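Beneath this line is the structure, given in structure tokens, with notes to follow.
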Amino acid sequence: MKVCGFSFVKNAIKYDYPIVEAIQSILPICDHMVVAVGKSEDATLDLIRGINSKKIEIIETVWDENLREGGAVLAEETNKAFAAIGEEFDWCFYIQGDEVVHEKYHDHIKKQMQFLLKNKNVEALLFKFQHFYGSYDFVGDSRKWYRREVRIIRNDKNIHSWRDAQGFRKNKNKLRVKLINAEIFHYGWVKHPKQQQLKQKNFNRLWHSDEWVTEKVPDIDAFDYSEIDALKKFKGTHPKVMQERIGKINWEFSFDPTRKKMKWKNYILRKIEDVFGWRIGEYRNYRF
């Protein structure tokens, strides 16, 4: 069994993406890694080149700035990296620039890929998600956060990234998946408030016009993390590759987990999910 990782990135330094940690977190279970590095306004290319691993293959790309509807450019860049993966690989491990895999899951992930290798009814592996918000101490605790997504797919070039690169399709059909007992730690909402606000202005331009961004995104210097519906205290440990970054945190964020700003309907739906594990009305990018 051979495994190839793949990812894409642009302006990682400017927007403080933990792309190095993301790549390092899956390298131990990958035989090779393809990273599509978009032409950047900073030293992102040098950053990726600086990762000490012969497994990494860099392809340099230029993002199509005309693809501004629904974040389609993100899927296009994902597909560029996936297309560069050779046919000798069985599984392809996708990781985004703000996602990290804890080393405690490595053995389980490898065993699941090996166990399911010959089972062609399974086209992808489904991961659970932890969405960190404001700091490394809190995670999202409401229905606004997606709780599962595909991150390992078969090396089938009929599969392609879907819409804004959250999931995948095969000839526009949802992939048949197996849920595994492993989590992706999503750190996209953890950075200095000034960099988070800068990211919001830029990121929304991948979906909307400049006029929309000017109207909808507040023209403020720092992002207001307090406007969140519900969080809970994170009780686990962070991946080893994140420890240095966590040690350099240079802003403060506090939150009272008992304070919930959910509508009554969403509060009831969340209670049902807590008791029965069933998220009513959940959008799924996959099929079992």
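The values are calculated or read from the model by the stated rules, or taken from the named source; none is laboratory data. Quantities reported herein were computed from a predicted structural model and do not represent experimental measurements. All Cβ positions, glycine included, derive from the backbone under ideal geometry; neighbour counts span all protein chains shown.
Do the conditions hold for Phe185, that is, is it touching a His at 6+ places or on another chain (Cβ under 9 Å), surrounded by 13 or more Cβ atoms within 10 Å (Cβ to Cβ) and of a type in the set (Phe, Trp, Tyr)? It would help to see each step written out before you state the result.
Numbers: touching a His at 6+ places or on another chain (Cβ under 9 Å): yes; surrounded by 13 or more Cβ atoms within 10 Å (Cβ to Cβ): yes; of a type in the set (Phe, Trp, Tyr): yes.
Yes, satisfied.
Mind listing just one residue for me: the one in region 202-225 that is charged (D, E, K, R) and over 22 Å from Gly140 (Cβ atoms) and, of those, nearest to the chain's Cα centre (by Cα)?
Quick first cut of region 202-225, residues charged (D, E, K, R) only: 205, 210-211, 215-216, 219, 221, 224.
From what is left, the residues that are over 22 Å from Gly140 (Cβ atoms) are 205, 210-211, 215, 219, 221.
Working: Arg205: 19, Asp210: 25, Glu211: 27, Glu215: 27, Asp219: 26, Asp221: 25 Å.
Per the criteria, the residue is Arg205.
With the structure loaded, tell me whether Lys240 is over 25 Å from Glu69 (Cα atoms), free of Cβ contacts under 8 Å to residues at least 24 places away in the same chain and of a type in the set (D, E, K, R) or whether it fails that test.
Working: over 25 Å from Glu69 (Cα atoms): yes; free of Cβ contacts under 8 Å to residues at least 24 places away in the same chain: no; of a type in the set (D, E, K, R): yes.
Against the criterion (over 25 Å from Glu69 (Cα atoms), free of Cβ contacts under 8 Å to residues at least 24 places away in the same chain and of a type in the set (D, E, K, R)), Lys240 does not qualify.
Each row is one residue, and each column tells you yes or no for (1) at pLDDT 95 or above; (2) assigned to a strand (DSSP E or B).
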residue	(1), (2)
Asn119	yes, no
Val122	yes, no
Lys128	yes, yes
Phe185	yes, yes
Gln200	no, no
Thr214	no, no
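Can you name every residue in region 209-233 that is touching a residue at least 24 places away in the same chain (Cβ under 8 Å) and over 22 Å from Asp16 (Cβ atoms)?
Within region 209-233, Ser209, Asp229, Ala230, Lys232, Lys233 qualify.
Check Ile159, Ile180 and return the single one that is in contact with a strand residue (DSSP E or B) (Cβ under 6 Å, 6 or more places away or on another chain), farther than 30 Å from Glu65 by Cβ, at pLDDT 95 or above and among the β-branched types (Val, Ile, Thr).
Answer to the check: Ile180.
Do you know which residues across region 130-140 are in a strand (DSSP E or B) and not small (Gly, Ala, Ser)?
Start the filter on region 130-140 by keeping residues that are in a strand (DSSP E or B), which leaves 130-133, 138-140.
Passing the criteria: Gln130, His131, Phe132, Tyr133, Phe138, Val139.
Would it be correct to say that Ile13 is part of a loop (DSSP other than H, G, I, E, B) and of a type in the set (Val, Ile, Thr)? Break it down stepwise before answering.
Numbers: part of a loop (DSSP other than H, G, I, E, B): yes; of a type in the set (Val, Ile, Thr): yes.
In short, yes.
How many residues are in a loop (DSSP other than H, G, I, E, B), surrounded by fewer than 13 Cβ atoms within 10 Å (Cβ to Cβ) and of a type in the set (A, V, I, L, M) when one looks only at region 220-269?
1
Which of (1) part of a strand (DSSP E or B); (2) crowded, with 19+ Cβ neighbours inside 10 Å is the odd one out, the single condition Arg169 does not satisfy?
Tallying (1) part of a strand (DSSP E or B); (2) crowded, with 19+ Cβ neighbours inside 10 Å, Arg169 fails exactly one: (2).
When the residues of region 272-288 are narrowed to those that are assigned to a helix (DSSP H, G or I) and within 26 Å of the chain's Cα centre (by Cα), which ends up farthest from Leu175 (Cα to Cα)?
If we filter region 272-288 for residues that are assigned to a helix (DSSP H, G or I), which is where we start, we get 272-276.
Pick out the ones that are also within 26 Å of the chain's Cα centre (by Cα) and you get 273-274.
On the way: Glu273: 24, Asp274: 27 Å.
If we take residues in region 272-288 being assigned to a helix (DSSP H, G or I) and within 26 Å of the chain's Cα centre (by Cα), then Asp274 is farthest from Leu175 (Cα to Cα).
I need the full set of residues from region 243-282 which are of a type in the set (Lys, Arg), under 30 Å from Ile26 (Cα atoms) and either in contact with a helix residue (DSSP H, G or I) (Cβ under 8 Å, 6 or more places away or on another chain) or in contact (Cβ under 8 Å) with a residue 40 or more places away in the chain (or both), in order please. Don't jump to the end; show me each part of the working.
So in region 243-282, the residues of a type in the set (Lys, Arg) come out as 245, 248, 259-261, 263, 265, 270-271, 279.
Now restrict to residues that are under 30 Å from Ile26 (Cα atoms): 245, 248, 279.
Hits for region 243-282 are Arg245, Arg279.
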